[in-house]
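What follows is one structure encoded as structure tokens, with my remarks underneath.
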Amino acid sequence: MKDLYRMHAELCKVFSNPTRLEILNLLREDSMSVTELIGKTGLSQANISQHLAIMKSKGTVSSERRGKNVYYRLTNPKIIRAFDIIRMVLSERIRKAGNNPLGDKYK
């Protein structure tokens, strides 16, 4: 059982960084190249690559070379379900507090 808790904690490290959450959200529909992720996030290649390496080591993304580009995709669609559940919990908390610093998008 302790091993399962350790594995769970390791997987949750992906969810503990705003940049990795943004990458997860971008990959929810389809695979993307590092270049596409740079364009969507505005972050440097080194920064994106560092986060993708962490995500790959935790088993949340996989990569595939297509010509000169490396494309990343989620390894399991249930990862996005976990992402969305956490987002719903946060939205409920914000609503109950009576303020929404994130705007109407998360009402």
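Overview of values
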{"quantity": "Charged-residue dipole, Cβ positions (Lys, Arg, Asp, Glu), the chain about Cα centre, Debye nearest 20", "calculated": "180"}
{"quantity": "With Cα atoms, 0 to 90° folded angle of helix 45-57 axis to the chain main axis", "calculated": "80"}
{"quantity": "Neighbour-limited loop hits for GluC sites (Glu not before Pro), the stretch 1-64 (at most 15 other Cβ within 10 Å; DSSP other than H, G, I, E, B)", "calculated": "E29"}
{"quantity": "Cα-only radius of gyration and Dmax that characterise the chain, units Å", "calculated": "15.4, 50"}
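Read-outs throughout are calculated quantities, based only on the coordinates presented, and are distinct from any laboratory measurement. Keep in mind the model is a prediction, meaning the values are calculated, not measured. Reconstructed Cβ throughout: ideal geometry from the backbone, glycine too, with neighbour counts over all protein chains shown.
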